[in-house]
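Okay, so here's the structure we're looking at.
What follows draws every value from the coordinates through simple rules; no lab data is involved. Since this is a predicted model, take the numbers as computed values, not measurements. Cβ sites come from the backbone with ideal geometry, for glycine too, and all protein chains shown count toward neighbours.
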Amino acid sequence: MEHNTGTIALVGGDEFSDGCSFDGELLKAARPEEIALLPTAAAFESPKLAIARATQYFGALGFPVRALPIYSRTDATDAELAGEVAEARFLYLTGGSPLHLRSVLKDSATLEAIKQVLRRGGTLVASSASAMVLANPMIDPRGGALTLGLGLFPGIAILPHANTWNPDRKERTLALAGHTAVIVAIDERTALIRSPGGSLRVSGEGTVTTYRDRGPAALEELNFSVAL
């Protein structure tokens with residue numbers, strides 16, 4: 001486990017939109033030359049649109065975007081592409097399909113490169129599907145049960161778009177989680193931010209709610225460790 005890492009921001013979705021004030025805060029602290037964008041999760045959901053939105057959004061904040069074309073398992077195992085990921089000072093993973101993203105990144109050179117970004121003190125932002133997949137366990141979008149994630153953030157399961165979830169579906173997820181994981185529910189246009197020293201804060205339009213054994217738990221009690 002690593003406790004002193006780079007900055008991590010887990011976003012509840014609807015990225016690149018008004019209300020995501022945390023992006024400006026993160027950029028001011030990181031001072032990167034550019035945004036390295038990983039649109040892998042959006043491979044089958046118009047990645048060009050995601051790239052265009054990110055380019056316009058971050059351009060308005062004064063930062064260029066470099067999209068890294070990692071869409072398949074072959075791409076994720078390419079040493080040259082993984083090297084580009086590892087060099088990023090500000091790496092942004094978009095939303096999309098968590099199941100596709102997991103299949104592409106599992107045990108790949110790109111996943112190792114993402115870890116290197118954090119080891120080197122860089123900033124990692126993961127929205128929606130990407131936030132789900134990096135944790136372990138992962139909430140299965142097909143039914144709300146828990147399944148295997150990639151394990152960077154063990155013992156927690158991320159529930160993005162929390163303000164739009166059907167209450168019955170949310171209750172099912174909480175029931176299925178039982179004692180196995182803490183559920184971290186993040187609203188859209190909202191980020192749970194972990195500082196390099198391990199402290200947590202919430203930024204953006206909405207709220208972050210943590211659940212343990214089906215009941216609310218204090219954010220301060222959340223053990224947000226990082227496995228690198």
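A compact table of results
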quantity	calculated
Cα shape, the chain, gyration tensor, a/c 1.5 rule	rounded
Segment 118-197 shape via C-alpha gyration tensor axes, a/c threshold 1.5	prolate
Amide N proximity, segment 157-177 versus S17 label position 7 Å along Cα-to-Cβ, cut-off under 15 Å	160-165
Cα convex hull of segment 186-228, projected area averaged across orientations, nm²	3.7
Value of relative contact order over the chain, rounded to a whole percent, pairs C-alpha under 8 Å and six or more apart	27
Point-charge dipole on Cβ atoms (K/R +1, D/E -1) for segment 7-221, about Cα centre, debye to 20	260
